[in-house]
Amino acid sequence: MDFAAGEIVFFDKPLRWTSFDLVNKFRYKLSRKLNVKKLKVGHAGTLDPLATGVMILCTGGATKQIEELQYRTKEYVATIQLGATTPSFDLEKEVDALYPTEHITEELVNETLQHFTGEIQQIPPAFSAVKVNGRRAYKYARKGREVEMKPKTLVIDEIQLLEYAMPTIKIRVVCSKGTYIRALARDIGIALESGAHLIALQRTRIGEVTLDMCLQADEIDSFLEKVII
């Protein structure tokens, strides 16, 4: 493989790693193996530290393909806890409010989820990398500053209830670039006249790239041994 000319590698991002942690780890090990000081490595689509799953890394000349790769359809499996909210819409922050769930049935969940298919408007989380006045929104949010997040248009192709085990539900989502599954969890909670936050998230597909095609982070060394002679 010619990593300087450009290669594309698929990884299953570990829990609690940032997207840049994975890029930096791979770049460091690859640069040492090739004995070079500088090498372009980028990723095609950020995953939150509390999410796992498919990440596409591009090296060298293949980094020019990142934008195109980012626009490919993505699939996620999300576990959502109903009846409670957090400021970050996931487990990054503590629960800040509790809501009733006694009225929520499996039938109601299935019916509600269908309202989220097609073209929808979504307000991104304040705890996100969306830029507001030239700065990442999370930099304001983590300082306790209010930021006005503007709604974005996105497309959800499919949404399916995989598991109903109150107070949690597990769903599969096929969606466009820019979809925040944390924000979707928030909106599902509101639509159910309750509250909700994300407690687990796995990206299972980007375009045609699925989890079974991905390397694990602890396989980087052995992978490089095989492909670099």
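The values are calculated or read from the model by the stated rules, or taken from the named source; none is laboratory data. In this text, all values refer to a predicted model and were calculated from it rather than measured experimentally. Neighbour counts are summed over all protein chains in view; Cβ atoms, including those assigned to glycine, are modelled from backbone coordinates with ideal geometry.
Selection of the range 106-121 for residues being under 19 Å from Leu82 (Cα atoms) and within 22 Å of the chain's Cα centre (by Cα) yields Leu113, Gln114, His115, Phe116.
Quick one: is Ala5 buried (at least 17 other Cβ atoms within 10 Å of the Cβ), out of contact with any Lys or Arg (no Cβ under 8 Å at 6 or more places or on another chain) and of a type in the set (Gly, Ala, Ser)? No; evaluated as a whole, the condition is false for this residue. Looking at the range 140-151, which of the residues that are out of contact with any Ser or Thr (no Cβ under 9 Å at 6 or more places or on another chain) and surrounded by 13 or more Cβ atoms within 10 Å (Cβ to Cβ) is modelled with the highest pLDDT? Result: Val147.
Is it the case that Glu163 is of a type outside the set (S, T, N, Q), outside the structural domain of Lys93 (by TED's automatic domain parsing) and modelled with pLDDT of 95 or more? Here the answer is no, as Glu163 does not meet what is asked.
What's the number of the only condition in (1) modelled with pLDDT under 95; (2) touching a strand residue (DSSP E or B) at 6+ places or on another chain (Cβ under 6 Å); (3) assigned to a helix (DSSP H, G or I) that Phe20 fails to meet? Looking at each condition in turn, Phe20 falls short on (2). Among residues of the range 58-85 that are at positive phi, those with a beta-carbon under 8 Å from a residue that is crowded, with 21+ Cβ neighbours inside 10 Å at least six positions away or on a different chain give the pairs Gly60/Phe3; Gly83/Gly195; Gly83/Ala196. From the list Glu225, Glu219, the lone residue that is outside any loop (DSSP other than H, G, I, E, B) and either in the same structural domain as Val109 (by TED's automatic domain parsing) or modelled with pLDDT under 95 (or both) is Glu225. Of the residues in the range 175-195, at least one is at pLDDT 95 or above, acidic (Asp, Glu) and under 18 Å from the mean Cα position of the chain (by Cα). Of the numbered criteria (1) among the hydrophobic types (A, V, I, L, M, F, W, C); (2) touching a Gly at 6+ places or on another chain (Cβ under 7 Å); (3) at pLDDT below 90, the one Ala126 fails is (2).
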